[in-house]
Amino acid sequence: MPKDNSIKSVLIVGSGPIIIGQACEFDYSGSQAARSLREEGIKVYLINSNPATIMTDPMMADKVYLLPLTVESIEQILQENQIDAVLPTMGGQTALNLCKEADEMGIWEKYNCRMIGVDVAAINTAEDRDLFRQLMVKIGIEVAPSHVANSFLEGKEFAQQIGFPLVIRSSFTLGGSGGGFVHDKSELDEALKRGLEASPIHEVLVEKAVLGWKEFELELLRDQNDNVVIICTVENLDPMGVHTGDSITVAPAMTLSDTAFQDMRNKAILMMRSLGNFAGGCNVQFALNPETEELIAVEINPRVSRSSALASKATGYPIAKIAAKLAIGYSLDELKNQITQTTSAYFEPALDYVIVKIPRWNFDKFKGANDTLGLQMKSVGEVMAIGRSFTEAIQKACQSLENNAVGLGYYGKSLMKTEEILEYIKVPKWDRIFRIKDALMQGVTVKTIAQATGIDRWFLYQIQKICTIEKELGKYFLDSLPDDLMKEAKRNGFGDEQIAKILSGDCTEDEVYEKRKAAGITRVYKMVDTCAAEFEAKTPYFYSTFEG
């Protein structure tokens, strides 16, 4: 279906102030959408209360309104301009809630403006925990045993029926705010009160906690012809229990069997198709039992999300840009792949590299803050690294964190005793990945760490590989270091500074660099092309690696 020519002007709703849990990823999506619509000759109006964003630059839209994100502001813009459609999916939960409120007040109907990219029924189903559960049961997808409560007593009664541990999830909130785990009776009252207060409709879902299950996210796009593509499958390194925005995530998924992957794909597509009649992007989260591969749906977000910004950069597929074009009537097969410019956008990216995202926290700036990670997001940003292997990508990501880590390690810092480390890593904290490496360096087995953390053994074996190379490097002085070992270290993400710290004797980063350069061990640049080099890429971007 070609472009809907009745849409001459579109209002994009931003996400407001940058707060923890709702940050710059929506600025990225909104900017992409504005450019995408203007390419089509559509007049773009934009509302966002935050001037410190790229999307509010006067060049981005035909008219930018720096107004509070309220229904009154929306009405003011509609009175001043002839606007045909509103796109709420680029501004996170804030934009969805605002557009839903405007719809309930009859604002869109009054000014003859329609919602594109999502419909109100889909917002309600995805965000209202009870409607979501009912839909999953109807289409035959498993969910954890749960009950929606609108009062404290109702929540308490159900909690006692299903037993602990429980998870409390607030309806219509972002970044997991209001949510939390309840391990026993003593924590229940406080968690219920907090969840009900955080929800704008005073509603919580009391759910059986699937702690220790693996967590996966899929990014999907759908057009008006009901074609669906899955852009990226992201695996959380941390098991269920840590908000996905606070978890180290890896793309593509590393530890899925093919049968589990196909099952997840089919269920994600079914979920998106049953959510409502709209064209745009969506994000689906699943929990998977590592023992039985039983799969349950956790949630669905009918908008671009934190993860879709990551997936866009990870795959080279501009999700927000394509989602905006789908919202104005195009179908996937009519749009071009932005990277190859010869194939259509109706394809699923193939990755021949590994992406690792690590969140970044600033607990040192918030004195007294609880640094345990849970359902409520606490990170203030994230880094993303690309490598040919997981070991290379995770070390690169650690080097980017700006927290004095040199690769996967803090060198020269006193280590905890083995028993202390094992106790420490049972609780998810910002530095758990570093402490896991310390434990492996001290000879703790992968099996023991897997039992303590719930992290899949595949990831732990990869970290053990880093430890093995590090121990081998420590046996040599710089002048006696074999070239083969240097090459292996570089391929597994060891930086020159890191190697200098590990080697016996004193040497500097510059000396390591000179030695490897003399041995011909230099970077090569590989392409992010969305199609694993199957087609020629016209607008590629690159990552460096030490593979030949």
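Rounded to the nearest 20, the size of the Cβ-charge dipole of segment 173-258 about its Cα centre is 120 debye, with Lys and Arg at +1 and Asp and Glu at -1.
Compared with the alpha-carbon gap, the fully stretched path from Ala52 to Gln76 is longer by 6.4 nm at 0.36 nm per residue. For the chain, the dipole from Cβ point charges (+1 on Lys and Arg, -1 on Asp and Glu) about the Cα centre works out to 520 debye, to the nearest 20. Phi angles of segment 206-219 translate, via the Karplus equation with coefficients 6.51, -1.76, 1.60 and θ = phi - 60°, into HN-Hα couplings of 9, 10, 5, 7, 9, 4, x, 6, 7, 10, 10, 10, 10, 9 Hz per residue; Gly and Pro are given as x. Can you tell me the alpha carbon radius of gyration of segment 187-285 divided by the globular rule-of-thumb value 2.2 N^0.38 Å? Relative to the rule-of-thumb radius for its length, segment 187-285 sits at 1.28.
Peptides 106-116, 88-98, 4-14 ordered by packing proxy, namely the average of other Cβ atoms within 10 Å per residue, highest first: 88-98, 4-14, 106-116. Put simply, the amide H of Lys429, placed in the peptide plane, has neighbours under 5 Å in Leu373, leaving out anything fewer than 5 places away on its chain. Label sites at Arg265 and Thr292, each approximated as a point 7 angstrom past Cα along Cα to Cβ, lie 2.5 nm apart.
Placing +1 on the Cβ of every Lys and Arg and -1 on the Cβ of every Asp and Glu, with no other charges, gives segment 145-208 a dipole of roughly 100 debye about its Cα centre. Between the Cα long axis of helix 71-80 and the first principal axis of the chain there is an angle of about 60°, rounded to the nearest 10. Ranked by the mean number of other Cβ atoms within 10 Å of their residues, highest first, the peptides 304-312, 247-255 come out as 304-312, 247-255. Using every pair of distinct Cα positions in segment 270-379, the Kirkwood expression returns a hydrodynamic radius of 17.0 angstrom. Length gained on full extension, His183 to Ile139, computed as 0.36 nm times the residue gap minus the Cα-Cα distance: 12.7 nm. The Rg/Rh ratio of segment 145-208, with both radii computed over alpha carbons and Rh defined as the Kirkwood radius, is 0.91. With a Cα-only, solvent-free Debye model of segment 407-527, what are the log10 I(q)/I(0) values at q = 0.10, 0.16, 0.21 Å⁻¹? Log10 I(q)/I(0), no solvent term: -0.35, -0.80, -1.13. Computed per residue of the chain from DSSP H runs no shorter than four, each worth -39500 (n - 2.57), the mean residue ellipticity at 222 nm is -11000 deg cm²/dmol.
In terms of its alpha-carbon gyration tensor, segment 316-426 comes out prolate; a/c meets the 1.5 threshold, and the first ratio a/b outweighs b/c.
Mean silhouette area of segment 62-176, derived from the convex hull of its C-alpha atoms and averaged over all directions, reads 9.4 nm². For segment 439-456, 3J(HN,Hα) computed residue by residue from phi via the Karplus equation (6.51, -1.76, 1.60; θ = phi - 60°) reads 4, 5, 5, 7, x, 5, 6, 4, 4, 5, 5, 4, 5, 6, 10, x, 7, 4 Hz, glycine and proline entered as x.
Helix 390-399 and the long axis of the chain differ in direction by around 80°, with both axes built from C-alpha atoms.
Projecting the Cα atoms of Pro17, Leu96, Met60 onto the charge dipole of the chain (Cβ charges, centred on the Cα centre) puts Met60 farthest toward the positive pole.
Residues whose amide H lies under 5 Å from that of Gly180, counting only those 5 or more places away or on a different chain, are Ile168; hydrogens are built 1.01 Å from N in the peptide plane. When the listed pairs Lys417/Lys471; Lys214/Lys396; Lys321/Lys490; Lys367/Lys501; Lys336/Lys526 are checked against a 29 Å cut-off, the alpha-carbon distance exceeds it for Lys321/Lys490; Lys367/Lys501. Length, then width, then depth: along the principal axes, the Cα atoms of segment 9-116 run 33, 31, 20 Å. Considering only Val229, Ile139, Phe347, and ranking their Cα positions along the charge dipole of the chain that arises from unit charges at the beta-carbon of Lys, Arg, Asp and Glu, the one farthest toward the positive end is Phe347. With the alpha-carbon atoms of the chain aligned to their principal axes, the span from lowest to highest coordinate is 78, 59, 45 Å, starting with the largest. Taking 23 Å as the limit for the C-alpha separation, the pairs Lys357/Lys447; Lys357/Lys426; Lys8/Lys325 exceed it in the case of Lys357/Lys447.
Each reported figure results from applying straightforward, stated rules to the coordinates on display, with no laboratory input. Not measured: the values here are computed from a predicted model. Using ideal geometry, Cβ is built from the backbone for each residue, glycine included, and neighbour counts are taken over all protein chains shown.
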